[in-house]
Every structure is written in structure tokens, then in C-alpha cells.
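**Q** Can you keep this structure in mind? I'll have questions shortly.
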Number of protein chains: 2
Amino acid sequence: MNRLLNGMRVVEGSAFVAVPLAGMTLAQMGAEVIRFDRIEGGLDAGRWPLAPSGRSLFWAGLNKGKKSIAVDMRSPEGKELVTRIITAPGKDAGMFLTNLRVRGWMDYETLSQYRRDLIMVTLTGDRHGRPQVDYTVNPALGIPEMTGPEGHDAPVASALPAWDLIAGNMVVSALLAAERHRLREGEGQDVEIALKDVAAATIGHLGMIGDALVNQTERGKSGNALYGAYGQDFECACGRRVMVIGLTGRQWAGLVKVTGTGDAMERLAKRTGRDLEDEGVRWELRHEITEILRPWFAARRVEEFAEQFEARGLTWSIFRSVKQAVREDPDLSEANPMFSMLDQPGLGRFPVPGYPGEFSAKPRIKPAPAPELGQHTEEILGDVARLTDTEIAQLFDKGVVQSPNYTARSAA
Amino acid sequence: MNRLLNGMRVVEGSAFVAVPLAGMTLAQMGAEVIRFDRIEGGLDAGRWPLAPSGRSLFWAGLNKGKKSIAVDMRSPEGKELVTRIITAPGKDAGMFLTNLRVRGWMDYETLSQYRRDLIMVTLTGDRHGRPQVDYTVNPALGIPEMTGPEGHDAPVASALPAWDLIAGNMVVSALLAAERHRLREGEGQDVEIALKDVAAATIGHLGMIGDALVNQTERGKSGNALYGAYGQDFECACGRRVMVIGLTGRQWAGLVKVTGTGDAMERLAKRTGRDLEDEGVRWELRHEITEILRPWFAARRVEEFAEQFEARGLTWSIFRSVKQAVREDPDLSEANPMFSMLDQPGLGRFPVPGYPGEFSAKPRIKPAPAPELGQHTEEILGDVARLTDTEIAQLFDKGVVQSPNYTARSAA
């Protein structure tokens, strides 16, 4: 976390991964991010993984450093309140992120009547307005067909919701680009991004659409091999698995040298009449190369070559589960200044990540935990919606808003 | 593509996915992005997939809309030239993106002597300065252990370089956030982001670190199931595979209703004493739920239920390869305004994606193709480095720079 965006206020009405991640990223760069939710919590309030208390580790992770207000948005007062919060004055306010797509009172046309220079970024499913999630976009665009062990006959989807994560980061840059425009021209705008379009554009950027259309390629599964050059996983004598990379000429030369396989590679080149200096040839001959390297790894424990690999600057890593990684890898602990130990109510104590980047003008500060649902309800009603204490008390009494300390029921 | 960032100039010294994607994204939002490369082309000049001509579809995809200058950076004149281009004056210039990490003449300390308010964003491998690529970061942090068919005993890495793509988008927002700070305070800065930290932070944000430490969970493989709620792939009577989602209460109710499995689900709930309205219970009972739904899909061709699924607003999709997707899905064609057919020299004619988002204040324009290596060398030397025609001619003659039309060799 840092204070780079201090003073900026962003309102977020969201659920699940992408838009919560966008708001959280802005909060970790110092913006004041207000997330509003239904009285009963958002659609993602109970998303797995959960802590033993039943509280969502997922929700806590994606809502760090935000302010939370809980509002009954079925009531006219609740709608009015959310409108006031989104469109509240302030040169560095009037920015709204959402993936909820509520037509009518919460759409751009309506909200921008209350603040002409509103910036609203909406993440939709697909461009037709159909619901889509990472788990549907990914199969539709072909990545699972290319993923998995060679010869495996079914598509394999990654456990990482990559499209959501990419889209969430794109929501951040879209908002900052739109705010840059507003700072210069005074003009707000309506920004729409479809999750499926993010995925479709990305596979295009990577050359996959051209490959399918120009080459008529049906790119199949190649296990854990690095596509288009050399990179492969090997099982070592200790049972651990490593990934080694020969993507660039330097990496390839280093790998051949350290494993002492130069002669065997030369024989392979001679036998096939191919030049292994060409990355594409390394890809086409990957199985033969792997057969040459496999015995080297199979005969050695990771400890036997790790230091040498580091000293030679090889690009490689050890396969770990998350549980192994948090136990073994200091980069996932407080030894990494990105992480801080946080005690989080109902969750426990573990290292929590801040913003990955380091800005020289704004030093890292400790990441803030996620709020309780409605933790900042009173504060937001006073400071942002500019209501009087009496008005705030009435809203609590009527059950239009809620906070952990004060609910209509507890007051009754 | 659009003109939202018109007037902004960003210089990029990069290779592979993340930083080229960042520069390309800025170019597709209207910034002038100058990529400099070695005379012989960057490390990624021949990255697969290739077109039949041997030209890289990958490179063309990730460098769309940029200007290209080819410079011999081993020569003192080449170093001086790149320095001049990076630090050229202009309120909206003086921004540099890189993943090359050249110490000395191209580091922040040196470059910022020529322009105090320089913004430089460097993407590194890991925070220790070790080389890392998507293919090494991913195994180290556990995603391949959770990916793959249930019971499969080896890690499975996705074919999508997700961490690179996330990091690239983060480079964009880091640059925009740093420029926002500079616009207000006049202060430039050095921004460093490590690819491995992007991945480590992200698994933290998703709750995986908490899950591993608080719950001591070793999250295993669950095939293509949606983690933490219900979502599953099914093979249909036509041989095609679909993904159906029951993440939210609405999605789950819709799926049960359309498939007419309400009674069977009720019996399952009664037999197990569990409440299927709870998303976590749907996850825990996913195998039993899948057994109930499987015959419904196995007995039907996709065409038989597709319309009904759409009409009921179910969240679902069909598994396709990229090749099938470009043939069948209009969202990957010019029917989607994000795509335009482009004739690209040496590559062919196919739909090329612009920026995924739509900004109401700046309409979409056709995406620009990638440059030839060195295509803008003369223009950049004149307009940005502010050299005279004589100076430019001397640099070409000495082989310090090159362009497709004029090389030292062709002049000799």
C-alpha cells in the first residue's frame, strides 16, 4: 500500500473478482474507495475460501482498505443515498466502478444527471449484456483446449480466474485514463468493458487469432512445455519437480552448459539437420531435447544443483503448492516488504499483500484490512452524503442502512 | 483503439509479453508509444506463433500502433540517442517503460539526470533481481498444483501467460497513477514491479494464502469445476462440451429449473441433511449434483437447449478451440466493433482487436498495425531527438540506427 492517489475518492458497487480487485488496487494506491452493499452483504460475501469462523478469506482479500456502507437499495431512500454518495461533489470524486448493471436509477444516464462530469466504469459479461464469468469466457475462447497433459482428451481450465484478474486491472487503468481526460477537459464519461472482450482482445494480442486463421493451426496441448521455444518441467531425484527455461539464446546456452549436454545437443542438431539456436527449432524438437536433459535431473536432488543454477543466472523454479510456497518461500512472508502480518477479526493472523509496485515518491505503508460490512456507514453518511445526525439516526431506525454496531433490530 | 490519451508520449524498451502489452494498451488508448529495439530486433522478434512468411504474429499482436526505432545500443552514439528520446522535453512526455534492466546508462539514476521529472516503470523478474518468466513464477506459487483433472498426479500449467498479462495491465495503471502524481506535484519517480510479486499479491488477494495458513488447506485439483460453489462441464449428446454455472442463487435456481432437476436436488438435500442454497454446500456436494445433471446433458444436443438457456438468462458457454471460436463466434469477428480486418504486410488479413473498453467521450477507431522494425527511425530522430537531417544521415551511415528503407549495408 502507498499514498500515491491520496485525495481521490472512488465508489464501488460490485461483487466477485474483477471490480472488487479494481477498487482494492486503487485503495492500495491510496484512494478512498467506498464499497456499498446490500444490508445482507453482497453476492460475494460468503465466497470460498472461508476461515474457520465462516468468514470469507476471499472477500477479505479483495476488499482490503475500502470503506463499507450497507444500504437497503430496494427502498427509495436507499437508492437516493447511493446516488448521493456516487455523485457527491469534489474535484477528485465522482468516480464509480460497477459490475452490477442496474438499469434505471443506477445507470450512467440517470447518475450523470446529478453530476455531469461523472466517470462510471462498468464491467459487463459480454457485449450483448449477457452474464459471463471467468469460468464461461475461458472455455468459449479456447485456452482450456490448449491446456493440459499432452494427449489428454478433454479441455482443462486453470484454477486461476485470469480473465477476471486482467479485467480488474484494466478497470483501474480505464478509470485513471478517464480521470486524466476529465482533469484536462472537464468531461466525465461512461466506460464499458466486457469481460469476454478482454479475453477476445488478449488472445488476439498474443497472435492466437492470426495463428488460427492464417495458419489454420489447431494448437493442441503440450503439457507444461514453454510454447514456441524451450522450457520444460523435470522430476528430480528427490521427487520434487522443477521448471527450466531456454527461451532466449542466453538462457538456452546456460541450461546446456550447466547440464553438460552440449555434445548431445550438437549430435541432435546434426542428426536432424536443424539449428537449435533458433527458438522455434527448440520448440519443434522439444521432446528430443527433453530426453537428453531428463536423466540429468532424474539423477540429482534439487539441493545439488540449485546454487549452481542461481550462480549461473538460469531462469528456473521449483513447483510448489500454495501451502508449500507459504512455508518455504520468503517472498510470501514478511521478509518481502510487500507483505505485512495482519490480525484480521474472524480470519486470523497471516501475511497480507499490499500493492505489488514500489513508487519511489510514495513509500510503502502497511496494507489495511478489509472492513466489516457497514463499518463506515455512519462516517460515509455524514462526510460524503452530508446528512445530519438526525437524518442518519432516522435512516438507521428505518432499516435503510446498517452498521455492525447499530441495526434496526438491535435498536428495537 | 481510441484517442483518450492523445498527446501523451511513452518510450518503451522491452521484450516478450508484459511490457509490450502495456505499451500497446497505451497506444490503443491514443498515446504515442515509441519502442526502441536493437538493430537486429528485440529478443521477442521471432516469438511464436509465426506467419507462413516467418514473421511473428505474436510480435505484431503486442506492438500494434507503436512507433519503432532500431538503434545499435552497444555504441556510445546509440546510448546517447536512446537517452535523448526517453528524456525528450514535453509536459506529456518523459515516461519510460522497460523490462530490460540495463544498469548504468539506462537506469533511473542516470536517465533522471537528463530529465528530473522522468517517470520510469520497470518490470523485473523477482524482487531480488533474478530473472523470472510467467512459466517459472506460476509453478513457484502453486496454481499448477490446483489445475487439472481430479486425480491427475502432476502439476498442470495453463497455456495462458496470465501473470504476464496481469503485470502488463498493472504497468499501465502504475504509469497513469505516477503521471497523475506528476501532473499535480511536478515530481517524477522510479516505479518497480516484480512479476513474482504481482503473482504473490494476487494469490493473497484471492484468499489462497489465508486458506493455506489458517486452514492448512492443500487445495487440490477439481477438474473444470467452479471452485467454492457450483459450476461444471458436461458432455452433450452431440459430443460438444458445455460449462454451466450455479454460482449465485439466481444462477443455481435457473439451472435446476431449466433441467427439471428440482425434485432430485431436494432428495439430495434431504438425504445429506445439507442446504443447497448455501454455495459452499453446492461445492462440497458437487459430485452428487453433477451425477444428477449429467444424464440431462448427455441426452441432449447443444442446439436443443441453447435457446432455452439464453431465454432464461443462464450463465453458460460452449467449449471451443481458438480455431472453432474464430469460425463460430461472431464476438471474434468484425461483427464485434472491437475487431477490424487489417491487411498486415507479411502476416495476412484477419480481425485485429482494439482496446476492449468503450469510452463515451472518445469513440472507437480502427486499430493500427504493428510497425516494421525501425519504420519510424527517421521520424523519431527528427521530431523527438531533434536531430538535423545531416546528423540523421550520419547516424544511418555509421550503422548506429536503421530503418527498413535505409541501412548502412544498403547504402554501402
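The values are calculated or read from the model by the stated rules, or taken from the named source; none is laboratory data. Fair warning: this is a prediction, and the values are worked out from it, not measured in the lab. All Cβ positions, glycine included, derive from the backbone under ideal geometry; neighbour counts span all protein chains shown.
**Q** Count, please, the residues in the range B:81-109 that happen to be at pLDDT 95 or above, loosely packed, with under 15 Cβ neighbours inside 10 Å and out of contact with any Ser or Thr (no Cβ under 8 Å at 6 or more places or on another chain).
**A** 4
**Q** Where residues in the range B:214-240 are among the polar types (S, T, N, Q) and without any contact (Cβ under 8 Å) to a residue 60 or more places away in the chain, which of them is surrounded by the most Cβ atoms within 10 Å (Cβ to Cβ)?
**A** Among residues in the range B:214-240 that are among the polar types (S, T, N, Q) and without any contact (Cβ under 8 Å) to a residue 60 or more places away in the chain, the one surrounded by the most Cβ atoms within 10 Å (Cβ to Cβ) is B:ASN224.
Condition check ((1) in contact with a Gly (Cβ under 8 Å, 6 or more places away or on another chain); (2) among the small types (Gly, Ala, Ser); (3) free of Cβ contacts under 8 Å to residues at least 24 places away in the same chain; (4) more than 7 Å from every other protein chain (Cβ to nearest Cβ)) across all residues:
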| position | (1), (2), (3), (4) |
| --- | --- |
| B:HIS128 | no, no, yes, yes |
| B:ASP134 | no, no, no, yes |
| B:GLY186 | no, yes, no, yes |
| B:GLN189 | no, no, no, no |
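**Q** If B:SER14 meets every condition in (1) touching a residue at least 40 places away in the same chain (Cβ under 8 Å); (2) closer than 17 Å to A:SER173 by Cα; (3) surrounded by 24 or more Cβ atoms within 10 Å (Cβ to Cβ) apart from one, which number is that one?
**A** (2)
**Q** Determine, yes or no, whether B:GLY374 is assigned by TED's automatic domain parsing to the domain that holds B:PRO89 and more than 20 Å from B:GLY23 (Cα to Cα).
**A** When the stated conditions are applied, B:GLY374 does not pass them.
**Q** Ok, one more. Does at least one position in the range A:404-411 carry a residue that is surrounded by fewer than 20 Cβ atoms within 10 Å (Cβ to Cβ), more than 14 Å from chain B (Cβ to nearest Cβ) and in contact (Cβ under 8 Å) with a residue 24 or more places away in the chain?
**A** Yes, that holds for at least one residue.
**Q** List the strands (runs of 3 or more DSSP E) that sit entirely inside the range A:24-139 and contain at least 3 residues that are in contact with a helix residue (DSSP H, G or I) (Cβ under 8 Å, 6 or more places away or on another chain) and aliphatic (A, V, I, L, M).
**A** The strands (runs of 3 or more DSSP E) meeting that bar are A:67-71, A:119-124.
**Q** Turning to a different aspect of this structure: Looking only at residues in the range B:199-211 that are at the interface with chain A (Cβ under 7 Å from one of its Cβ atoms) and touching a residue at least 60 places away in the same chain (Cβ under 8 Å), which one is farthest from A:ARG47 (Cα to Cα)?
**A** Ranking the candidates gives B:ILE203 first.
**Q** Out of (1) surrounded by fewer than 22 Cβ atoms within 10 Å (Cβ to Cβ); (2) not in a helix (DSSP H, G or I); (3) not acidic (Asp, Glu), the odd one out for A:TYR355 is which?
**A** (1)
**Q** Same structure again: Restricting attention to the range A:301-323, report how many residues are facing chain B (nearest Cβ under 7 Å), within 26 Å of B:GLN216 (Cβ to Cβ) and out of contact with any strand residue (DSSP E or B) (no Cβ under 7 Å at 6 or more places or on another chain). Break it down into steps so the answer makes sense when it comes.
**A** Residues of the range A:301-323 that are facing chain B (nearest Cβ under 7 Å), as a first pass: A:313, A:315-323.
From what's left, within 26 Å of B:GLN216 (Cβ to Cβ): A:317-323.
Filter once more, keeping what is out of contact with any strand residue (DSSP E or B) (no Cβ under 7 Å at 6 or more places or on another chain): A:320-323.
Total meeting the criteria: 4.
**Q** A further question on this structure: Check the range B:269-287 and report whether any residue there is of a type in the set (Ser, Thr, Tyr), within 7 Å of chain A (Cβ to nearest Cβ) and touching a helix residue (DSSP H, G or I) at 6+ places or on another chain (Cβ under 8 Å).
**A** The answer is no, given that none of the residues of the range B:269-287 is of a type in the set (Ser, Thr, Tyr), within 7 Å of chain A (Cβ to nearest Cβ) and touching a helix residue (DSSP H, G or I) at 6+ places or on another chain (Cβ under 8 Å).
**Q** What's the total number of residues in the range A:343-367 that are farther than 18 Å from A:ASN169 by Cα, within 7 Å of chain B (Cβ to nearest Cβ) and of a type in the set (A, V, I, L, M, F, W, C)?
**A** Residues in the range A:343-367 being farther than 18 Å from A:ASN169 by Cα, within 7 Å of chain B (Cβ to nearest Cβ) and of a type in the set (A, V, I, L, M, F, W, C): 4 in total.
**Q** Applying the selection to the range A:231-266, what residues are β-branched (Val, Ile, Thr), part of a strand (DSSP E or B) and in contact with an Asp or Glu (Cβ under 9 Å, 6 or more places away or on another chain)?
**A** A:VAL242, A:VAL244
**Q** Which of the numbered conditions does A:ARG3 fail, given that it passes all the others? Conditions: (1) in the same structural domain as A:VAL121 (by TED's automatic domain parsing); (2) in a loop (DSSP other than H, G, I, E, B); (3) of a type in the set (D, E, K, R); (4) modelled with pLDDT of 95 or more.
**A** Evaluating A:ARG3 over (1) in the same structural domain as A:VAL121 (by TED's automatic domain parsing); (2) in a loop (DSSP other than H, G, I, E, B); (3) of a type in the set (D, E, K, R); (4) modelled with pLDDT of 95 or more leaves (1) as the failure.
**Q** Would you mind telling me which numbered condition in (1) over 17 Å from the mean Cα position of the chain (by Cα); (2) among the aromatic types (Phe, Trp, Tyr); (3) closer than 23 Å to A:VAL137 by Cβ B:TRP163 fails?
**A** (1)
**Q** Hey, another quick one. Only residues that are at the interface with another protein chain (Cβ under 7 Å from one of its Cβ atoms) and in contact with a strand residue (DSSP E or B) (Cβ under 8 Å, 6 or more places away or on another chain): list them for the range A:158-176, please.
**A** Correct list: A:MET170, A:ALA174.
Residues checked against (1) assigned to a loop (DSSP other than H, G, I, E, B); (2) crowded, with 19+ Cβ neighbours inside 10 Å; (3) touching a Leu at 6+ places or on another chain (Cβ under 9 Å); (4) among the aliphatic types (A, V, I, L, M):
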position: A:GLY313; (1), (2), (3), (4): yes, no, no, no
position: A:GLU334; (1), (2), (3), (4): yes, no, no, no
position: A:SER340; (1), (2), (3), (4): no, no, no, no
position: A:GLY374; (1), (2), (3), (4): yes, yes, no, no
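**Q** To continue, here is another question. Return the residues of the range A:30-48 that are within 22 Å of A:ALA162 (Cβ to Cβ) and crowded, with 24+ Cβ neighbours inside 10 Å; say none if nothing qualifies.
**A** The one that is within 22 Å of A:ALA162 (Cβ to Cβ) and crowded, with 24+ Cβ neighbours inside 10 Å: A:ARG47.
**Q** While we're looking at this one, here's another question. Kindly provide the set of residues from the range A:151-161 that are over 13 Å from B:GLY148 (Cβ atoms) and surrounded by fewer than 24 Cβ atoms within 10 Å (Cβ to Cβ), ordered by number.
**A** A:GLY151, A:ASP153, listed by residue number.
**Q** Out of all the residues in the range A:1-16, which are in contact with a Pro (Cβ under 6 Å, 6 or more places away or on another chain) and within 18 Å of A:TYR108 (Cα to Cα)? Give the steps one after another, and end with the answer.
**A** Taking the range A:1-16 as the starting set, the residues that turn out to be in contact with a Pro (Cβ under 6 Å, 6 or more places away or on another chain) are A:1, A:14.
Correct list: A:SER14 only.
**Q** Which one is farthest from the chain's Cα centre (by Cα), of the residues in the range B:43-88 that are basic (Lys, Arg) and within 11 Å of chain A (Cβ to nearest Cβ)?
**A** B:ARG55
**Q** Now, a different point. Within the range A:308-328, how many residues turn out to be of a type in the set (Gly, Ala, Ser), free of Cβ contacts under 8 Å to residues at least 12 places away in the same chain and more than 11 Å from A:VAL258 (Cβ to Cβ)?
**A** 2
**Q** Do we have A:VAL244 as more than 13 Å from chain B (Cβ to nearest Cβ) and under 19 Å from B:LEU43 (Cβ atoms) here? Working first, answer last.
**A** Numbers: more than 13 Å from chain B (Cβ to nearest Cβ): no; under 19 Å from B:LEU43 (Cβ atoms): yes.
Judged against the criteria, A:VAL244 is not a match.
**Q** Then there is this: Residues of the range B:214-230 being more than 7 Å from chain A (Cβ to nearest Cβ) and not in a loop (DSSP other than H, G, I, E, B), which ones?
**A** Residue satisfying the conditions is B:TYR230 alone.
**Q** Evaluate the range A:163-181: report whether one residue or more is farther than 21 Å from A:VAL33 by Cβ, at pLDDT 95 or above and crowded, with 24+ Cβ neighbours inside 10 Å.
**A** Looking for residues that are farther than 21 Å from A:VAL33 by Cβ, at pLDDT 95 or above and crowded, with 24+ Cβ neighbours inside 10 Å, one finds at least one in the range A:163-181, hence yes.
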